[in-house]
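Step one of this worksheet: look at the structure below.
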Amino acid sequence: MSTVADLVLVNGDVVSMDPLRPRVRAVAIAGGRIMATGADDAMLSLAGPHTRVIDLGGRMVLPGFQDAHIHLQDGGLDLAQNAALWDVRSIEALQAVLARHAAAFDGPFIIGCGWQPGVFTAENLTRHVLDAVISDRPCLVYDSGYHNACLNSKGCEMAGIVAGTPDPPNGHFVRDAAGVPTGMLNEDAIYHARDRLPEPTEEDYAAGVLAGQAHCNRNGITGVLDAMVRERHVRVYQRLADAGRLTLRVASTAVISPDEPLSTALGRIRSLRHEARHPHFKVHSAKFFLDGVLENRTAAMIEPYADGEGGNAPLMFGDNAVRDLFVAFDAERFQIHVHAIGDAAVRGALDGLEAARAINGPWPSLHQIAHVQVTDPADFGRFGALGAMANMQPLWARHEPDIPDRTMAMVGVERARNVYAFRSLIDAGAPFCLSSDWPVSTLNPFEIIETALTRQPPRRVHGDVEPFFPEQRLTREECLAGYTVNAAVACWRAGETGSLAPGKSADLIVLDRDILACDVHDIGGTVVLLTLFEGREVWRDPSFAR
Ligand SMILES: [Zn+2]
């Protein structure tokens, strides 16, 4: 390593997450790595005649944040070219947004994303609503969680979805009284339709990644774990990585479907891992959806839903299949990444991981159980015992008219305390990291941290809403760890990232406020002034003068 710094940041409040020098004033960077951290004069003594020096004006510096459960490529495509429906609250508004989008976009397939399941339902959203504004091309609109979507009549016709079409495995076509599909698709029925409709090109997806990563960098994110990749995602990421166009690190988890035989799945994921071997991109993990979501009654609960309307769902993989798959993937040294919403899915995941550990022995796998919406208290302590990480999305742990309030009736009063019980999990020893699941909801880590600390929606927008089980709040220090050191561990790159320690990559952010000291209700408004990735500026806020 060079003895002269390329860049020195001075006069800052550097929270390094490095236990040896946790809080310093200055950072010296050489060759894209942290050369040293310490006092201003000590770091300036590493400068030469060509070294750039940035005066931070006392501002807070943190390691770049890492989002360990995000859908960067697919969300990026939505950001770059699909109609945004997140803020739409009526059928008329939905139609207006889609009509405007269709008039401006001449692609063969109109896609919208983000309708709210509390506002739109199988009763009021059907293909006829979409047909009224788009009838010449297929049009598919996803809900905010991507577990439900509605397809217009042209799309149903092209995908061959008619009265006689049987439901696919783990999916459902909503039908009218005569048995004719209404266009509303649940879970894997969406993939059934997508497989039969025009695909965006890989150029489109590459443009989506670039849009998504710029959005990440602006929000202080320099590393992600893409929580669901298939062959196309891997090709697109690998190409961008080879061309030197990634401005963040992408770790990824390749999805396994329940109908894929174990040996085929293992061979397929092994070759994806082998193909993806760039310092900025890797496949290290296998993804299993053990259930769906409460909103459409596909979450798997140990006891039946409390609202007496039936529902509840079996695991998407049978118990034995989970065990066999986890044992096999763990033996091949893949990280296992599980989607688990209901307490039966969480338990099924823990049982599978326990079997893997019993047979293969312990190793630093850092298997992930993502979402953990409902966890039975008997299982809190098992995360720590098994070294399984709780991958949490704290933004969802607050009262909102749609989610989670609508789902609380299904959980019922007895189990309400087990919903997003993050404090209980951590206190019971669960390793953890924080993430967004973007584009399901915002990726802004500061908005997410504010809710993790308050269990409320932002006060400056929504007023003083009753906190959602406030005893489950996290601390500021836990939130920082959850987005830096812990997230780095979750993404299997703790040797390279997660703290500002000498030798690690110079991935760091400069903030406009001290999030360890400011009013908790101001954290969500934090502005990222500067983002460095490998010592390179990948975002600078216009307010932060050169
Ligand atoms: Zn997800």
Excluding ligands and nucleic acids, what accessible area in Å² is computed for Met35 using a 1.4 Å probe, to the nearest 10?
30 Å²
From the C-alpha coordinates alone, can you work out the Kirkwood hydrodynamic radius of region 112-200, in Å?
12.7 Å
Set of region 124-138 residues, backbone N closer than 20 Å to the point 7 Å along the Cα-Cβ line of Glu92
124-126, 128-134
Multiplying the sequence separation of Ala416 and Asp106 by 0.36 nm and subtracting their Cα-Cα distance, what value in nm do you get?
106.9 nm
Could you work out how far the C-alpha centroid of region 1-49 sits from that of region 331-397, in angstrom?
38 Å
P(r) tail fraction, region 407-546 - alpha-carbon pairs more than 23 Å apart, %:
43 percent
Ser263 accessible area, 1.4 Å probe, all protein chains in place, Å² to nearest 10
90 Å²
Ignoring ligands, DNA and RNA, what percent of the 1.4 Å accessible area of the chain is carbon and sulfur?
54 percent
Sorted largest first, the Cα spans of region 343-392 on the principal axes come out in Å as 28, 17, 15
So what's the net charge close to Arg59: Lys and Arg +1, Asp and Glu -1, counting the other residues with Cβ under 12 Å from its Cβ?
-3
Quick check: with the 1.4 Å probe, what order do Glu123, Glu537, Glu450, Glu157 take by accessible area, largest first?
Glu123, Glu157, Glu537, Glu450
1.4 Å probe accessible area per residue over the chain, in Å²
37 Å²
Cα centroid of region 452-527 to Cα centroid of region 416-439, whole Å:
14 Å
Of all alpha-carbon pairs in region 472-533, indicate the percentage at a distance above 15 angstrom.
59 percent
For a distance above 23 Å, tell me the whole-number percent of Cα pairs in region 328-426 that qualify.
27 percent
1/(1 + (r/R0)^6) with r = Cβ-Cβ of Ala243 and Glu157, R0 = 35 Å, i.e. FRET efficiency to nearest 0.05, evaluates to 0.35
Where does region 31-156 land on Rg(C-alpha)/(2.2 N^0.38 Å)?
1.73
Given a cut-off of under 8 Å on Cα pairs at least six residues apart, what relative contact order in percent is computed for region 350-488?
26 percent
Just for the chain, what percent of DSSP beta bridges are antiparallel, to the closest 5?
45 percent
Restricting everything to alpha-carbon atoms, can you work out Rg to Rh for region 202-337 with a Kirkwood hydrodynamic radius?
1.05
Cα Rg over Rh - the chain, Kirkwood
0.97
Post the alpha-carbon centroid distance, region 231-272 to region 71-106, in whole angstrom.
27 Å
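The values are calculated or read from the model by the stated rules, or taken from the named source; none is laboratory data. Everything numeric in this text was worked out from a predicted model, so none of it was measured. No Cβ is skipped: glycine too gets one built from the backbone with ideal geometry, and neighbour counts run over all protein chains shown. SASA here: full protein model, heavy atoms, side chains in, ligands and nucleic acids out. Shrake-Rupley method; radii C 1.70, N 1.55, O 1.52, S 1.80 Å.
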